[in-house]
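Read the figures in this text as sums done on the coordinates, not as results from a lab. Remember, it's a predicted structure, so these values are computed and weren't measured experimentally. Cβ sites come from the backbone with ideal geometry, for glycine too, and all protein chains shown count toward neighbours.
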Amino acid sequence: MINTCTTVFKNICYTLFLCLLMGGVHAQVKEQGIIPQPYRIQKTGDVFRFSPNVAIGVGDGISTDNLIFFNQYFRSLAGYTLKNGKNTGALQLRIDSVAVTQAEGYKLSVTSKQISIIGHDQAGVFYGLQSLLQLLHKSNGKITVQGCTIEDHPRFAYRGMHLDVSRHFFKVDAIKKWIDLLALYKINTFHWHLTDDQGWRIEIKKYPLLQSISAYRDETIIGHKKDSPHRFDGKRYGGYYTQEEVKAVVAYATQRHITIIPEIEMPGHALAALSAYPELGCTGGPYKAATYWGIFDDVYCAGNEQTFTFLQNVLDEVLPLFPSRYIHIGGDECPKTKWKTCPKCQQRIKDEHLKDEHELQSYFIGRMEKYLNSKGRQIIGWDEILEGGLAPGATVMSWTGEEGGIAAAKLHHNAIMTPEKYVYLDYYQSLYPSEPLAGGGYTPLSKVYNYEPITKELSDDEAKYIKGVQANAWSEYLASTAQAEHQIFPRILALSEIGWTTKGNKSYSNFLKRLRYEHPLLKQLNINAADTFDEITDSVTESADYQVQLALSSTLPNAQIYYTTNGTTPGLKSKKYNKPFIVTTSGQIKAAVFSGAKQIGRVYQKDFYLDKAIGKTVTLTNQPQGGYNPGNTFGLVNGVFGSKLYNDGQWYGFNGDDLEAVVDLGKVQPVSQLGINILKYHWQKMWEPTLLTFETSTDGKNYTEVYRQTTFNDNGINAVRANIKATQARYIRVKGTNKGIIPPGEYIAGAKAWLMVDELIVK
Ligand code: ACM
Ligand code: ZN
């Protein structure tokens, strides 16, 4: 137990947080609710009224931390604190693991006479109080709570948020502020990604060069890594947490029932460590902490005993700082390039009778697992620890998709679901052009919210191995706390509800109601939460008569959408949107959501380019893959061009395969311009074709080549527009030869290139 003075001191930030929180509680009580949605909640119509005479009755064994948090909050709202009334208090707290059977669960009952919180355990009492905090209402200077009975417990034992502090470093104050909010939303794990290529962020006293060299990089890339050529800011960047700071953060989190799991990455993502200790790499260096984002070939040498000594010594200092049962050892994105030509690594493969470098990775992870097990800890690793065989007691964090988690569960290993497609917080949450720079993917709030961690591939027995979910905030593009908050909030609230709320109790529209109440509170807490979730989203579909149809929607109830088709700013006097409509001419459509006379969010806009190919039949020889439109061809002739946000749903991606598309115009007609857009981002594995040709035909059998192009100079979108000699044609064939395997020296050399195209243009 922490003594009260220390606790009070440590909680100054929390007090400020709570003071701020109160400001908003008066505002819009109508939608007041709890996030995450409780298991069972019934309103009774009673009202409990607080007064200075109300006392808190504290059951045996209740942590004083709980009381302090509650009273600090309460005082900032009411101007007085509640006395400790032992068994006579009108607000009763007690632990009863029989009355409440689930871990972390609680029962909260509010009548006109009494509020009672029964927790299964300390965490249960804490979460009961967090729910009560969200129900307090101040009106005319009086604090009330609507009568209710709540029975609540989490769906999953593991509810996590990850934060990368290597690519960008966040100070202790910011981390504590975020931990306060994680606790409020009943998230119980903070995964602290402390080491990576771009900076080592935890003090290790035995290796002082980790502080003086590895914690810093020479400069940082400006803009997105897909931009080319890369530009740099020329400014040394870095920092690290001292062990004292780490201890303080861990204690702070522990008081709030949050376990911190540290991640010390291995064997890949090791450049920062190698920059100080080059003997741990296969070539001996020299190495530099990375100044841009990606996957780097130089990793820890798996054949060198010094590597294991170093990592064990590091862990010997890390373990006493983190009481968590689990230690994350990374394991992801470790290229085997250097291992393949390293005599020491090859010798290890021989000595250990390993099949290949994948088994060498498995050897590495297995050896570190044994070490950590000998210290009483368990390992967690990313998907790739499945490569070459899973270490015996390892928990898999499934990120590339859900397959890793599914495979682990089927092997009766624990798994935590963190699929990038659904819960990566560094991805875009809005496709509006004014959205700040983000990672690349698209995980809007609705997509995060609707993620279901138990997939149908799992039997009930296997599903028990899915211990929970986590959202990951990689920080390549989180260059400030404000930008980090924009990415993390409110999506982390959606994650909290995935982790806590039973499947049957989830409802996105109901969540949004509660979020609209919660959002102003986040703002008052100085959290730069994104507020774009009610903005217009669209869908461009093919109408029954093969035209382009645009549907607009907003999740805001009773919202009105107004739009223009002439490029002017929409207002209340513009056309009112009632139902999907046909886009009949090229031009820009703008629209905005209004609640009464108030515009909500930013103005939506979309450009349409209509030509002879719109809505015509397209036949593809090879199917596009991944998130790039497999099984659909309308997007190639829908009049909408893919944007620089390559996950905008418009692009067609061919992974290693060629493009071969035929557009059937329906009848022979004059044609004088053919076109296509090609996305070239080598830093995203997206390569231009080595050859592009356009051919025309009147019968679909005999084609004449009318255009060819072999160079595509623009980084980003290459708009190919071929003005050809006017000709009669019914069929247009477009062929693009995929680059194939990414050549040596290029980003992710050896992988298959993506050929990314959109919109087949015929005029
Ligand atoms: C990861 O996103 N590389 C785990
Ligand atoms: Zn090696």
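Numerical summary
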read-out: Partners for residue 107 among lysines (Cα-Cα distance below 18 Å; same-chain residues under 8 apart left out); value: 43, 186
read-out: In sequence order, calculated HN-Hα J values of the range 592-608 (Karplus, 6.51, -1.76, 1.60; Hz; x Gly/Pro); value: 8, 8, 10, 10, x, 9, 8, 6, 9, x, 8, 7, 7, 8, 8, 9, 10
read-out: Under 5 Å, built H, 5+ apart or other chain: amide partners of residue 281; value: 301
read-out: Across 113/598; 176/513; 370/467; 83/138, pairs whose alpha-carbon gap is larger than 30 Å; value: 113/598
read-out: Straight-distance crosslink candidates among aspartates and glutamates, where the alpha carbon sits under 15 Å from residue 725 and sequence neighbours closer than 8 are dropped; value: 695, 705
read-out: Antiparallel DSSP beta bridges within the chain, percent to nearest 5; value: 70
read-out: In the range 135-227, the GluC sites (Glu not before Pro) that fall in loop regions by DSSP, at most 14 other Cβ within 10 Å; value: 219
read-out: The range 171-228 and the range 640-682: distance between their alpha carbon centers, rounded to Å; value: 40
read-out: If the convex hull is drawn through the Cα atoms of the chain, its volume per residue in Å³; value: 178
read-out: Estimated dipole of the range 193-344 in Debye, rounded to 20 [Cβ of Lys and Arg +1, of Asp and Glu -1, Cα centre]; value: 120
read-out: Mean Cβ neighbour count within 10 Å, used as a protection proxy, ranking 301-308, 274-281, 616-623, 134-141 highest first; value: 274-281, 301-308, 616-623, 134-141
read-out: Protection proxy ranking, peptides 395-402, 638-645, 54-61, average beta carbon neighbours within 10 Å, highest first; value: 395-402, 638-645, 54-61
read-out: Extension reserve of the residue 96-residue 598 stretch, reckoned as 0.36 nm per residue once the Cα distance is removed; value: 175.8 nm
read-out: Aspartates and glutamates with Cα under 18 Å of residue 142, excluding same-chain neighbours fewer than 8 positions away; value: 46
read-out: Per-residue Cβ neighbour rank within 10 angstrom, fewest leading, 237, 628; value: 237, 628
read-out: Charge dipole (the range 630-762, unit charges on Cβ, about Cα centre) - positive-most of 671, 681, 632; value: 671
read-out: Mean-position separation - Cα centroids, the range 416-487 and the range 247-296, in angstrom; value: 22
read-out: Sequence-distant residues sharing a close amide H with residue 147 (under 5 Å, placed H); value: 44, 45, 46, 47, 48
read-out: Helix 243-255 vs. the chain, principal-axis angle (Cα, 0 to 90°, nearest 10); value: 70
read-out: Dipole of the range 91-201, positive end: most advanced residue of 109, 192, 141 [Cβ charges, Cα centre]; value: 141
read-out: Fewest-first sequence of 266, 686 by Cβ atoms within 10 Å of each Cβ; value: 686, 266
read-out: In range of the label at residue 464: residues from the range 399-441 whose backbone nitrogen is under 18 Å from the point 7 Å along Cα→Cβ; value: 406-416
read-out: Per-residue HN-Hα couplings for the range 444-457 [Karplus 6.51, -1.76, 1.60; θ = phi - 60°; Hz; x = Gly/Pro]; value: x, 3, 5, 5, 4, 4, 7, 5, 10, x, 9, 8, 5, 5
read-out: Within the chain, helix-based [θ] at 222 nm, where runs of 4 or more DSSP H residues each add -39,500 (n - 2.57), nearest 500; value: -7000 deg cm²/dmol
read-out: Mean-position separation - Cα centroids, the range 516-584 and the range 48-103, in angstrom; value: 45
read-out: Along principal axes, Cα extents of the range 117-218, largest first, whole Å; value: 59, 34, 20
read-out: For the range 351-362, 3J(HN,Hα) per residue [Karplus equation, 6.51 cos²θ - 1.76 cosθ + 1.60, θ = phi - 60°, Hz, x = Gly/Pro]; value: 4, 8, 6, 8, 6, 7, 5, 5, 5, 5, 4, 5
